[in-house]
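Shown next, in structure tokens, is the structure this report addresses.
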Amino acid sequence: MSNFIEVAQQAVELAQNTSESGLTAAEQKSADAATGAGMAYGLAAIGPGIGIGYLVGQAVQAIARQPESAGQVQTVMFLGIAFTEALALLGFVVFIMLKFV
Amino acid sequence: MILSQIHFPTIKNIVVWPNIFGDGWYGFNKIALIAFIAAVVPALIFFIAGRQSRLVPRGVQGFTEGIVSFVENQVAKPGIGTGYEPYLPVLISFFCFIAVGNLFEVIPFFQMPLNARMGAPLVLAIIAYLFFIMVGMKHNGPANYFKMVAFPQGVPKAMYILVTPIELISTFLVRPFSHAIRLFANMLAGHILLVSFGVLCIAVWTLQLVAVLEVLTFPGLIVFTAFEIGVSLIQAFVFSILAAVYIGGALHPAH
């Protein structure tokens, strides 16, 4: 348990040190890239998140109203999810490219 | 400094594998081995099932007929519509190859999805792209097919200024990339997720924070492994149904 407290203290120290220390140009660049990568994925996930939620909600409603058409609705739902999800995945690819490439 | 001992592996360490026979085209690595297994194993299973054709399917035959009827009823019929029969084999091939390749994400000692490298999904998407363009040109005639894609029916004449470039770009330029990236990014994200949880479990174990954090990370690893099995199969399904929808759009461009 004392080990855990030590880790927590070190995390706080790490956060304080990095915020005030001067960085070299390369470090600054990779830090900017990491910030941009996080922003890219976070922003790219907003729209598809709303979209997929709406889509699945409507599909559930459709199945609840007409349970016999569940198979058909599910297929179309997966198709819609695939199209909507593509935007979030493009954000993820931008994340990978900024962070690692 | 205990915290700095946790090093998450860089992307090169989790998706790049060394070649056995050197760096040329003949180099053979883990990805190529997985691709080879993913191509050969379903082919062998279908071959064995095809040799014994019982009226009431049992064993291997029942399993393969289950796959075929799943692809037929859930992928080909909703995606292509009438006249789907000639395109069923290519859809089943897509489904089986991608599903087996993806499932190597959770198979011990491999634990690397085939489609987490851009090469495999890109080749599959280009095959699907050439396939649906050839189907459209064969079925409607080359000039007629491009006319049907560029000038969809039921659109006011003035709107063609907007609609034609959008349709041409989205059909012939963006489609193969979005088709490939959808599969690639899903599998890479799943692989990174599992690697992160694996690294976290080992780190927590070696830092002797077991009592506090292992209860979070180890069940998380198990749950996400189960989740990734589902994602693997769903992505195979999504890839083949999108291929079916593209083929259907080339066959009946009216809708």
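The values are calculated or read from the model by the stated rules, or taken from the named source; none is laboratory data. All values derive from a computational prediction rather than experimental measurement. Here Cβ is always computed from backbone atoms with ideal geometry, including for glycine, and neighbour counts include all displayed protein chains. Keep in mind that these areas ignore ligands, DNA and RNA; they rest on the heavy atoms of the full protein, side chains included. Shrake-Rupley method; radii C 1.70, N 1.55, O 1.52, S 1.80 Å.
What the table shows:
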| item | result |
| --- | --- |
| Given (1) crowded, with 21+ Cβ neighbours inside 10 Å; (2) closer than 21 Å to A:Val76 by Cα, number of the condition B:Ile67 does not satisfy | (1) |
| Odd one out for A:Ala8 among (1) open to solvent by 80 Å² or more (accessible area, probe 1.4 Å); (2) at pLDDT below 95 | (1) |
| Check on B:Ile34, open to solvent by less than 60 Å² (accessible area, probe 1.4 Å) and under 30 Å from B:Arg117 (Cβ atoms) | yes |
| Count of residues meeting criterion [within 13 Å of another protein chain (Cβ to nearest Cβ) and free of Cβ contacts under 8 Å to residues at least 12 places away in the same chain] in region B:187-204 | 1 |
| All positions within region B:205-246 that are farther than 30 Å from B:Cys96 by Cα, β-branched (Val, Ile, Thr) and facing another protein chain (nearest Cβ under 8 Å) | B:Val212 |
| Members of region B:78-127 found to be surrounded by fewer than 18 Cβ atoms within 10 Å (Cβ to Cβ) and within 13 Å of another protein chain (Cβ to nearest Cβ), listed by number | B:Gly81, B:Met118 |
| Among (1) of a type in the set (Val, Ile, Thr); (2) assigned to a helix (DSSP H, G or I); (3) open to solvent by 30 Å² or more (accessible area, probe 1.4 Å), the one test that B:Val204 misses | (3) |
| Tally, over region A:24-76, of residues that are β-branched (Val, Ile, Thr) and either in contact with a strand residue (DSSP E or B) (Cβ under 8 Å, 6 or more places away or on another chain) or open to solvent by less than 40 Å² (accessible area, probe 1.4 Å) (or both) | 2 |
| Conditions (1) in contact (Cβ under 8 Å) with a residue 12 or more places away in the chain; (2) over 30 Å from B:Val15 (Cα atoms); (3) open to solvent by less than 70 Å² (accessible area, probe 1.4 Å): number failed by B:Pro165 | (1) |
| Checklist (1) more than 23 Å from B:Phe97 (Cβ to Cβ); (2) at pLDDT 90 or above; (3) open to solvent by 60 Å² or more (accessible area, probe 1.4 Å) applied to B:Leu130, failing item | (1) |
